[in-house]
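Shown next, in structure tokens, is the structure this report addresses.
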Amino acid sequence: MKTRNLLLALLLILMTPLVAPAEEPQVYVVKEGDTLWGISQKFMKDPYYWPSLWANNPAISNPHFIYPGQTLHIYDGRIEIVPVAPEPVTPPPAPEPEPEVVEVPPPPAPVEPPAEPMPVHTYKLTTPGIGFITAEELDVVGRIVDSTDNRILLTEGDTAFVSVPDLSMLSLGEEFSIFNLGEAVSHPVTQQPFGFRYENVGTLEIRSINAEVATAVVTDASREIQRGHYLRPFQDAINSVKEAHTDKEISGNIVTAQDNRAIYSEKDVVYIDKGSDDGLVRGNRLRVFRPRQATDRALLGQGKGPVLPDVEMGDAIVIETLPHSASILILTVHDPIYPGDQFATITF
């Protein structure tokens, strides 16, 4: 029995495969100039081993193309090339997103503050119905030339025949003021005849236009109306005026007032020697001044006295214009104003 067990044990030992210990390879690092041929000669003592080396290592695509730094494991009878882990491929950087184009609306246009309203000046004529007209302006106005009977005076409702320089400029229903000339006025500086004061005496309306005259009807008679009285386009009474800026420098002289007074003060209406043909418009502001004269004790320069600043007399505003003259309202007075004193536009 003992012999039988011993035989079984021996049989089991013989049937168990022998496990050889794992072989530790020799490690070799490829150097500059190494070839498979040379490595086969060096380690396998057989330069013709390199085809087997190439065949056993499919990672080598070119049998003569190994790299310095590659690791070889040298075993008994074979050589293995340690595969090199592929370098991680760095993905290309993701393209930067296109910057979002945001349309910025243009800034709002600057809003200018509303302009301050122009001052409005009110006044009352000291002598209503009185005005001034130059001799040049008188040449282009109309006149009453006749009536339907021999009466000297005309009154409201009477028919009048009128003559004007250009009948084609008339229109049916057009209204005219009737005025009578007063005394002639000379220019205070040149002493030459300049114009006339006038007084409004009524109104008439054009009813028909004939070959050489127009037929009109007197619609109002505040004074006596006669043949020879003059006509000018009707204008409603003015009692206020709004300032109007100008950048045009216009200057001249004060000629006269509504009466024969020689000294003018605040709220007086006076007449000047410049008008719409010179660029004046209703509402223009004026400074009134007088050239300052040097005193007898002034130091002379090159035979003449120094140029001194003007004497500021006051300021005024234009209330009505004709081609060659204008009516102005004196607003403030610093010193008495006389005929011949000068004015100039206040420019803005």
Checklist entry - From Ala344, Ala316, Ala326, which residue is touching a residue at least 24 places away in the same chain (Cβ under 8 Å), under 34 Å from the mean Cα position of the chain (by Cα), buried (at least 20 other Cβ atoms within 10 Å of the Cβ) and within 25 Å of His121 (Cα to Cα)? => result Ala316
Checklist outcome for this item: Among the residues of region 148-176, the number that are in a strand (DSSP E or B), of a type in the set (Gly, Ala, Ser) and either buried (at least 20 other Cβ atoms within 10 Å of the Cβ) or in contact (Cβ under 8 Å) with a residue 60 or more places away in the chain (or both) is 1
Checklist outcome for this item: The one condition Ile319 fails out of (1) in a loop (DSSP other than H, G, I, E, B); (2) touching a Lys or Arg at 6+ places or on another chain (Cβ under 9 Å); (3) within 21 Å of Phe196 (Cα to Cα) is (1)
Next on the checklist: Condition first: within 15 Å of Arg143 (Cβ to Cβ) and surrounded by fewer than 17 Cβ atoms within 10 Å (Cβ to Cβ). Can you find one or more residues in region 180-200 that meet it?
Outcome noted: yes
Checklist outcome for this item: Counting only strands (runs of 3 or more DSSP E) entirely within region 187-295, those with at least 1 residues that are over 46 Å from the mean Cα position of the chain (by Cα) and not aliphatic (A, V, I, L, M) are 193-209, 214-221, 230-233
Item to check | Count of region 147-187 residues which are hydroxyl-bearing (Ser, Thr, Tyr) and under 13 Å from Thr215 (Cβ atoms) | outcome: 4
Next on the checklist: Of the residues Asn239, Asn253, Asn284, only one is modelled with pLDDT under 90, farther than 19 Å from Val164 by Cα and among the polar types (S, T, N, Q); which?
Outcome noted: Asn239
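The values are calculated or read from the model by the stated rules, or taken from the named source; none is laboratory data. These numbers were taken from a predicted model, which means no experiment stands behind them. Please note: Cβ atoms are built from the backbone with ideal geometry, for glycine as well, and neighbour counts cover all protein chains shown.
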